[in-house]
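Data block below; observations after.
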């Protein structure tokens with residue numbers, strides 16, 4: 001009898017140990033499954049939060065354009081030259097050019113138009129001067145002076161306007177203006193040809209151009 005009780009207690013002790021181990025293992029599995037569920041639920045919540053906070057397509061484009069504009073302004077501001085202490089910027093650019101040829105046809109047209117304008121101005125100015133002299137009584141005073149000096153019947157018939165009248169002067173001025181038009185046009189065209197020949201030999205006139213400050 002004593003031996004059986006000892007054996008029964010000895011057999012019961014390992015059984016209790018195995019039950020305790022099984023319970024611990026089940027608790028550990030439950031905790032692992034709970035932790036897995038919680039860990040799996042967190043990324044889903046984060047994804048939903050991300051999708052909820054994510055801006056629209058138009059807002060993203062506006063943000064990119066604004067960033068590009070800011071970057072361009074920063075680059076241009078960095079590339080701009082810094083002002084000197086005297087307050088002046090870079091010196092004006094200069095360019096040295098050489099006039100090697102002049103078109104004779106264009107020179108002839110330009111000279112013809114300018115000579116016509118000069119002829120018109122000459123005729124109008126002469127007409128105005130003679131009109132002012134006649135209105136001021138200059139011709140009458142000249143006639144009276146000649147009559148007093150010379151005297152006689154021939155002096156009574158003397159009239160300065162027969163020699164220097166407005167019609168005679170305007171006719172002479174018109175002839176001179178026409179001749180000037182022809183001469184100026186021919187001289188300018190000939191000068192263009194001569195300049196081209198001289199430029200072919202010597203290189204032409206050198207001109208230096210500079211921009212304004």
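The values are calculated or read from the model by the stated rules, or taken from the named source; none is laboratory data. Quantities reported herein were computed from a predicted structural model and do not represent experimental measurements. Quick reminder, even Gly has a Cβ in these numbers, built from the backbone with ideal geometry, and neighbours come from all protein chains shown.
Can you confirm whether residue 198 is within 30 Å of residue 95 (Cβ to Cβ), surrounded by 11 or more Cβ atoms within 10 Å (Cβ to Cβ) and without any contact (Cβ under 8 Å) to a residue 24 or more places away in the chain? Yes.
Let's see how each residue does on (1) surrounded by 10 or more Cβ atoms within 10 Å (Cβ to Cβ); (2) modelled with pLDDT under 80:
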{"site": "58", "(1), (2)": "no, yes"}
{"site": "75", "(1), (2)": "yes, yes"}
{"site": "85", "(1), (2)": "no, yes"}
{"site": "91", "(1), (2)": "no, no"}
{"site": "96", "(1), (2)": "no, no"}
{"site": "100", "(1), (2)": "yes, no"}
{"site": "103", "(1), (2)": "yes, no"}
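Residues in the range 130-163 that are under 60 Å from the mean Cα position of the chain (by Cα) and exposed (fewer than 11 other Cβ atoms within 10 Å of the Cβ) were compared, and the one that is nearest to residue 192 (Cα to Cα) is 132.
Of all residues in the range 137-164, those being at pLDDT 80 or above and part of a loop (DSSP other than H, G, I, E, B) number 1.
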